[in-house]
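See below for the structure under consideration.
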Amino acid sequence: MGIRLFVENHVDGGADAVGKALADPGLREFFSQMFVAAGWYDILPIVEISQVIGSVMGLDRLEYVRRSAMWHAELDMKGVYKSFGKLPSPEAVCLRFASMHAQFYDFGKVEILEVGKNEVKSQLSGMPGVLAPWWQTAAEWYIYVILKAAGAKNGRLTFLPSRPGGSHAGVELITVPSVTLWD
């Protein structure tokens, strides 16, 4: 739903333009379906759909993902997070990020490994490798906006080299360690 909302607000011609640009009929059908907040959807098509959205916008795929993630975070600041008033500390935001992952995605598990002064080390195990560049870019820029709103100066999420994590249903999985830092 959020991707379609971004497309309607930032792409000339909106979802229709993206739908027409999707060459694969299966992706076109997937993108044209009605999405509801309570539903669960396959996330793997987002890799190719993001490429097409970026292309329609005249952007590299990951630049589109960066802009979209920041826009979503700003939107969430006016909606989901508004009821919280001022966001808690950057550390609390990082600790909540693990449970947020489970609310949005049915793959992988985020674990907090270590909490230190102005840093939180974590890892996501069970990440589909093909999805990693999209997810890492989206997470990095989404959390950047949320950390800033929580009072972090120079907040950043940095991903460390991933490790193989087996496979599931023929999809290669990886473990993605990260560290979130702020001043």
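The values are calculated or read from the model by the stated rules, or taken from the named source; none is laboratory data. Computed from a predicted structure; not experimentally measured. Backbone-built Cβ (ideal geometry, glycine too); neighbour counts: all protein chains shown.
Numerical summary
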quantity	calculated
Answer from 30, 6 - the residue that is under 21 Å from residue 75 (Cα atoms) and surrounded by 12 or more Cβ atoms within 10 Å (Cβ to Cβ)	6
Options 137, 158, 180: the member that is within 22 Å of residue 74 (Cα to Cα), hydroxyl-bearing (Ser, Thr, Tyr) and exposed (fewer than 14 other Cβ atoms within 10 Å of the Cβ)	158
Selection from the range 10-38 of residues that are at pLDDT below 95, of a type outside the set (Phe, Trp, Tyr) and within 19 Å of the chain's Cα centre (by Cα)	36, 37, 38
Any chance residue 124 is at pLDDT 85 or above, within 30 Å of residue 167 (Cα to Cα) and surrounded by 18 or more Cβ atoms within 10 Å (Cβ to Cβ)	yes
Of the criteria (1) among the aromatic types (Phe, Trp, Tyr); (2) outside the structural domain of residue 153 (by TED's automatic domain parsing); (3) in contact (Cβ under 8 Å) with a residue 60 or more places away in the chain, which one residue 64 fails	(3)
